[in-house]
Amino acid sequence: MKLLEGKVCLITGTAAHHSIGAATARLFAAHGAQLVLADISAAPEARSDLLTLACDVTRPEDCSAAVATGVETFGRIDAVVHCAGIVEASGLLDIGADDFDRMVAVNLKGSFNLCQAVLPQMVKQGSGAIALLASLAAQRGGGLVGGAHYAAAKGGVLSLARTIAREFGPNGVRANAICPGMTRTGMIDGVADEDINRIAAEIPLRRLGTPEDVAGACLFLASDLSAFVNGVTLDVNGGFHIH
Ligand SMILES: NC(=O)c1ccc[n+]([C@@H]2O[C@H](COP(=O)([O-])OP(=O)(O)OC[C@H]3O[C@@H](n4cnc5c(N)ncnc54)[C@H](O)[C@@H]3O)[C@@H](O)[C@H]2O)c1
């Protein structure tokens with residue numbers, strides 16, 4: 001069964017090869033979605049069922065342009081999955097003001113910019129589903145990879161998703177957050193094998209997540225399978241953080 005037939009889905013953070021966004025785009029395409037893919041490093045491309053756009057989510061005008069072009073091309077935006085993000089491993093005392101600003105600008109303000117750009121369209125449609133990628137770092141007090149600035153920005157993303165769920169639920173718009181645990185993408189490239197093995201041994205399912213694991217959660221939240229799911233935080237961590 002194709003879960004996204006007839007739906008237009010905007011996904012950010014899709015350019016990096018092994019990213020969660022790229023896996024989500026593949027899964028959504030297999031489920032029949034028309035896709036608008038937006039990434040700071042994207043090479044623009046247009047096909048009948050796919051539009052790829054360069055978009056820096058820290059720039060409100062880029063987010064508005066991505067939404068406007070998507071609507072011009074496909075007529076509507078049914079779902080947004082916001083995967084664009086950056087991480088940095090630093091102790092709190094080593095985080096400079098610029099580091100903090102950059103982490104918040106991409107991870108938190110980028111989420112806000114994208115939501116602010118797409119919500120008027122979803123309100124007009126009377127429907128929409130938004131899934132924001134947060135992180136286990138927001139829940140456990142710091143990341144295995146990300147520092148305090150990353151964890152704090154992702155905590156803000158959880159609050160943003162909940163606020164949208166409450167404010168725009170009456171308009172038929174759902175918003176939810178996803179908290180992946182450590183997932184095998186370019187984001188963990190710098191982590192030593194022995195650290196990865198140690199962490200995997202502590203996860204009840206005894207492995208790290210894959211981009212496809214997280215894409216499955218994105219599919220659930222973007223599709224009508226989750227029609228009455230609004231304001232939740234969906235953990236995708238193999239049971240590493242059970243609460
Ligand atoms: N990989 C993990 O272990 C992990 C764990 C928890 C949460 N997450 C979150 O999941 C999301 C996806 O992460 P990933 O592992 O796929 O990362 P990734 O580094 O593989 O991909 C991130 C993508 O975001 C894009 N991007 C970066 N800055 C951007 C900007 N300003 N505007 C537009 N695009 C931008 C990059 O070009 C890249 O394609 C992120 O929000 C990340 O914080 C990842």
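Mind counting the residues in the stretch 1-16 that are in contact with a strand residue (DSSP E or B) (Cβ under 9 Å, 6 or more places away or on another chain) and assigned to a loop (DSSP other than H, G, I, E, B)?
Restricting attention to the stretch 1-16, the residues satisfying the condition of being in contact with a strand residue (DSSP E or B) (Cβ under 9 Å, 6 or more places away or on another chain) are 4, 6-16.
Going one step further and asking which of them are assigned to a loop (DSSP other than H, G, I, E, B), we end up with 4, 6-7, 13-16.
Residues flagged as in contact with a strand residue (DSSP E or B) (Cβ under 9 Å, 6 or more places away or on another chain) and assigned to a loop (DSSP other than H, G, I, E, B) within the stretch 1-16 amount to 7.
Where residues in the stretch 218-233 are part of a helix (DSSP H, G or I) and open to solvent by less than 10 Å² (accessible area, probe 1.4 Å), which of them is nearest to the ligand (Cβ to nearest atom)? Checking each candidate, the answer is C218.
Residue pairs whose Cβ atoms lie under 7 Å apart, sitting 6 or more positions apart in sequence or on different chains, and linking a residue in the stretch 130-156 that is closer than 12 Å to M187 by Cβ to a partner that is among the hydroxyl-bearing types (S, T, Y) and near the ligand (Cβ under 8 Å from one of its atoms), are A137/Y150; G143/S135; G143/Y150; G146/S135. N113 meets all of the listed conditions (1) in a helix (DSSP H, G or I); (2) farther than 27 Å from T210 by Cα; (3) more than 13 Å from the ligand (Cβ to nearest atom); (4) touching a helix residue (DSSP H, G or I) at 6+ places or on another chain (Cβ under 9 Å) but one, namely (3). Taken over the stretch 1-29, the criterion of being surrounded by fewer than 24 Cβ atoms within 10 Å (Cβ to Cβ) and closer than 19 Å to V118 by Cβ is satisfied by L4, G6, K7, V8.
Please work out if R166 is in contact (Cβ under 8 Å) with a residue 60 or more places away in the chain, of a type outside the set (S, T, Y) and part of a helix (DSSP H, G or I).
yes
For the stretch 207-228, enumerate the residues that are among the hydrophobic types (A, V, I, L, M, F, W, C) and more than 17 Å from the chain's Cα centre (by Cα).
First pass over the stretch 207-228, keeping only residues among the hydrophobic types (A, V, I, L, M, F, W, C): 208, 214-215, 217-222, 225, 227-228.
L208, L225, A227, F228 - these are the residues of the stretch 207-228 that are among the hydrophobic types (A, V, I, L, M, F, W, C) and more than 17 Å from the chain's Cα centre (by Cα).
Within the stretch 87-107, the residues that satisfy the criterion of being within 14 Å of the ligand (Cβ to nearest atom), in a helix (DSSP H, G or I) and under 16 Å from G143 (Cα atoms) are M103, V104, N107.
Per-residue answers, yes or no, for (1) surrounded by 21 or more Cβ atoms within 10 Å (Cβ to Cβ); (2) under 28 Å from A227 (Cβ atoms); (3) at pLDDT 95 or above:
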site	(1), (2), (3)
A66	yes, yes, yes
E72	no, yes, yes
A97	no, no, yes
N113	yes, yes, yes
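Here the stretch 118-154 is the region considered, the condition is being surrounded by fewer than 23 Cβ atoms within 10 Å (Cβ to Cβ) and touching a Ser or Thr at 6+ places or on another chain (Cβ under 7 Å), and the residue that is modelled with the highest pLDDT is G147. Look at (1) more than 10 Å from the ligand (Cβ to nearest atom); (2) open to solvent by 50 Å² or more (accessible area, probe 1.4 Å) and you find that R59 fails only one, number (1). Based on this model, can you work out whether V80 counts as in contact (Cβ under 8 Å) with a residue 12 or more places away in the chain and either more than 10 Å from the ligand (Cβ to nearest atom) or open to solvent by less than 20 Å² (accessible area, probe 1.4 Å) (or both)? When the stated conditions are applied, V80 passes them.
Yes/no per residue for (1) open to solvent by 10 Å² or more (accessible area, probe 1.4 Å); (2) near the ligand (Cβ under 9 Å from one of its atoms):
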position	(1), (2)
G156	yes, no
T163	yes, no
E167	yes, no
G172	yes, no
I178	no, yes
M187	yes, yes
E194	yes, no
R206	yes, no
T210	yes, no
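Inspection of the stretch 30-51 identifies at least one residue that is among the aliphatic types (A, V, I, L, M), more than 8 Å from the ligand (Cβ to nearest atom), open to solvent by 50 Å² or more (accessible area, probe 1.4 Å) and assigned to a helix (DSSP H, G or I).
The values are calculated or read from the model by the stated rules, or taken from the named source; none is laboratory data. These numbers were taken from a predicted model, which means no experiment stands behind them. Note that each Cβ is placed from the backbone with ideal geometry, even for glycine, and that neighbours are counted across all protein chains shown. Surface accessibility is based on the protein's heavy atoms, side chains included, excluding ligands, DNA and RNA. Shrake-Rupley method; radii C 1.70, N 1.55, O 1.52, S 1.80 Å.
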